[in-house]
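Asks: The structure under discussion is supplied below as structure tokens; questions concerning it will follow.
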Amino acid sequence: MASVVSMAAPHDSAAAHRRSEAQIAWMLVLPAMILLFLFVLLPVASVIVLGFTDFELGYGKFRFVGFENYAHLITDRTFRKSLWNTTVYAAIVAPVSILLGLGIAMLIESETAARSFFRTAYFLPVASLIVAMATVWQYMFHPTIGPINALLALVGLPGPNWLGSSGTVLYSLSIIGVWQSAGFNMVLFLAGLTAIPRELYAAAEVDGARSSFDRFLLVTWPMLGPTTLFVITISITNAVKVFETVKTLTDGGPNKASEVLLFTIYQEGFVYLRVGYASAMTVVFLLILVVLMFLQYRVLDRRVHYT
Amino acid sequence: MMTSAFSLGRIIRLTLLSLGAIVFLSPYVFMISTAGKAQSDIFTSSLSLIPAHLTYVENFAKALSRVPMARLLWNGVVVCGLIFFFQVLVAIPCAYAMAKLRFGAARAMMVLVMLGLLVPIHATALPLYVAFDRASLLNSYAALVAPFAISVFAIFMFLQFFRAMPDDLIHAARLDGMSEIGIVARVIVPNAWPAVTAFAIFSVVAHWNDLYWPLIVISKQDYATPPLGLMYFRAAEAGDDYGALMAATLMITLPLVAAFLLAQKRFVEGITMTGLKG
């Protein structure tokens, strides 16, 4: 008996300790949980609910309209244009900035001179205020006084009206987008490249990978797998979220040629104050992000298991 | 093989890198050059980099007289500072509890964090705007800061960092009679310094540059952040006064760029650390 009691005592205190540990844990987590609920969960739930209403800011009452907003979205020419433009923009900016980032990273990695200078030069746009730099680009792209067209004129080429014509505006914005994000990708690739053990290259050479391109295919590309996957997802997500340059430079124009998803949501929700309709658009935007995330996990599960 | 003086490959490599660098830096060069050009200069010689008549003083004076630069920068510092302070204050205890303490809701909390990572401000802005409007909180620091006081990204990042911390460190502190809050303040935070700096850079760069949310909740110059202030200036400046515009642009870009140039290594480390783990 006595032995049982003496054994139960420490067990009790262990249980009590676990309870107090859980209590303290709750206390530490609680502020985060409350804020997460207030500023993430509740708003997301509200957006989903609002998407089924005809709520407009300024009007007191609203009613549920079922899928009416979504039915309207399918035929809304502005929204379709906006989805298409966002796709085109992402289809240009993501691949170009990824390839450029990888290329620059590999050139810098194999270079010995002025590495930190080059890294700074390419990374500088990431640390710059984008609204401010967009203004500079507007000057660069200016059809009559801008340096880019002046340069083209020197070699006898007629310069386009970069941001002013509906045929070129999306490409001009894409150039700014690539300029802005290539350095970010470069830094991520540089980190991935430095993590590759040198011996692997020596081993590949022994195995007959003579040219540097062979070594790239045999060692660099597979070893960069996880980095590349991450860079791809973040690049697409960031491209889908393009807003600053559009708002600053074109306001969606000319003629809706640069209307992109977040800009359309902004216009509907915060300028025309049609919150219900804008909420339905936001749900579509969220779904796109979910699909991108899901694809990343799928690919991550499927392959890239080297480490 | 790699370092042999100037092989053909190396010449090509350096040429490519230099040409690219020129292209990437050209907006800065033109910004600095145009900020010193007189209006007549801008219209006649867009390719000459050295202004014919140095008008830096006039352009900067003009920009300063129309943009409340000190106000904008101050707002930027206050907003970014408050956001960062609350993010860290909320995220560190939470991440510590999730990494090192046993409690029932740990898994649920993890799911919440992973879900939260998916949701940007653009998705929550509509209901938040309606709520701030109802609470008459538009045009205030509170509106600018509150939605960002919680950063799931911070929780996620600190969680990764704390998990890698040895348990012995915490056990030793407990044996010394430290409370859990004491452990967070005196053991965890000092040891989490690299993660805190990395996150600071990520957070400040993100919120200093953010236009979307300030554009929505702020309509008065008094609370404008740097990007928003520049938008106002652009809107007011109907003509092509690029000299003054570039002067304003230069002043507003300078603080973050200067910070980057001074603490370059930390910046790159910070972006890699936060980027790769995100």
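Just so it is clear, none of the values below were taken in a lab; they were calculated from the coordinates. From a predicted model like this one, the values you see are computed outputs, not experimental measurements. All Cβ positions, glycine included, derive from the backbone under ideal geometry; neighbour counts span all protein chains shown.
Asks: Multiply the residue gap between B:Gln39 and B:Ser18 by 0.36 nm, knock off their C-alpha separation, and tell me the result in nm, one decimal place.
Replies: 4.4 nm
Asks: Can you give the FRET efficiency to the nearest 0.05 for B:Tyr141 and A:Ile34, using r as the Cβ-Cβ distance and R₀ = 35 Å?
Replies: 0.95
Asks: Taking a 27 Å limit on the Cα-Cα distance, which of the listed pairs A:Lys61/A:Lys81; A:Lys81/A:Lys247; A:Lys247/B:Lys62; B:Lys62/B:Lys220 fall beyond it?
Replies: Over 27 Å Cα-Cα: A:Lys61/A:Lys81.
Asks: Can you tell me the FRET efficiency between A:Glu109 and A:Arg77 if r is taken as the Cβ-Cβ distance and R0 is 60 Å, rounded to the nearest 0.05?
Replies: 0.80
Asks: Right, here's the next one. Expressed in nm², what is the orientationally averaged projection area of the convex hull enclosing the Cα positions of segment A:249-294?
Replies: Projected over every direction and averaged, the Cα hull of segment A:249-294 covers 3.7 nm².
Asks: Okay, moving on. Over segment B:168-224, what portion of Cα pair distances is larger than 18 Å, expressed as a whole percent? Let's see the in-between values first.
Replies: Numbers: 916 of 1596 pairs.
Every Cα pair in segment B:168-224 considered, those over 18 Å come to 57 percent.
Asks: Quick query: amide H of B:Asp241 versus all other amide H atoms, modeled in the peptide plane; which residues come in under 5 Å with a sequence gap of 5 or more or a different chain?
Replies: none
Asks: Taking 7 Å along the Cα-to-C-beta vector as the label spot, tell me the B:Met114-A:Val271 distance in nanometres, rounded to one decimal.
Replies: 3.9 nm
Asks: If you don't mind, there's one more thing I want to ask. In Å, what Rg and Dmax follow from the Cα atoms of segment A:76-302?
Replies: When restricted to Cα atoms, segment A:76-302 yields Rg and Dmax of 20.5, 66 Å.
Asks: Could you estimate the translational diffusion coefficient of segment A:176-296 from the Stokes-Einstein equation, with Rh from the Kirkwood formula over C-alpha pairs, at 20 °C and 1.002 mPa s, in whole µm²/s?
Replies: On the way: Rh = 17.5 Å.
Estimated diffusion coefficient is 123 µm²/s.
Asks: Please list, in order along segment B:94-109, the HN-Hα scalar couplings obtained from phi with the Karplus expression 6.51 cos²θ - 1.76 cosθ + 1.60 (θ = phi - 60°), rounded to whole Hz, x for Gly and Pro.
Replies: 4, 5, 4, 4, 5, 8, 10, 10, 9, 7, x, 8, 4, 5, 4, 4
Asks: What spacing in nm lies between the two simple spin-label points modelled at B:Gln221 and B:Val189, each 7 Å away from Cα in the Cβ direction?
Replies: Distance between label points: 3.9 nm.
Asks: Need one number: the % of Cα-Cα pairs in the protein assembly as shown sitting beyond the 38 Å mark.
Replies: So the pairs more than 38 Å apart make up 38 percent of the total in the protein assembly as shown.
Asks: Averaged across the residues of B:26-32, what count of C-beta atoms belonging to other chains lies within 10 Å of each residue's C-beta?
Replies: The per-residue average across the peptide is 6.
Asks: In whole Hz, with x marking every Gly and Pro, tabulate ³J(HN,Hα) for segment B:18-26 from phi via Karplus 6.51 cos²θ - 1.76 cosθ + 1.60, θ = phi - 60°.
Replies: Calculated HN-Hα couplings, in order: 5, 4, x, 4, 4, 4, 5, 8, 4 Hz.
Asks: Determine how many Å³ per residue the convex hull of the Cα atoms of chain B encloses.
Replies: 203 Å³
Asks: Separate question: As an exercise, use a Förster radius of 25 Å and the Cβ-Cβ distance of A:Leu200 and B:Asp167 to find the FRET efficiency, rounded to the nearest 0.05.
Replies: E between A:Leu200 and B:Asp167, to the nearest 0.05, is 0.15.
Asks: While we're on this one: I want to verify the translational diffusion coefficient of segment B:8-64 in µm²/s; compute it with Stokes-Einstein, Rh as the Kirkwood radius over Cα pairs, at 10 °C and 1.306 mPa s.
Replies: Numbers: Rh = 13.0 Å.
For the chosen part, D equals 122 µm²/s.
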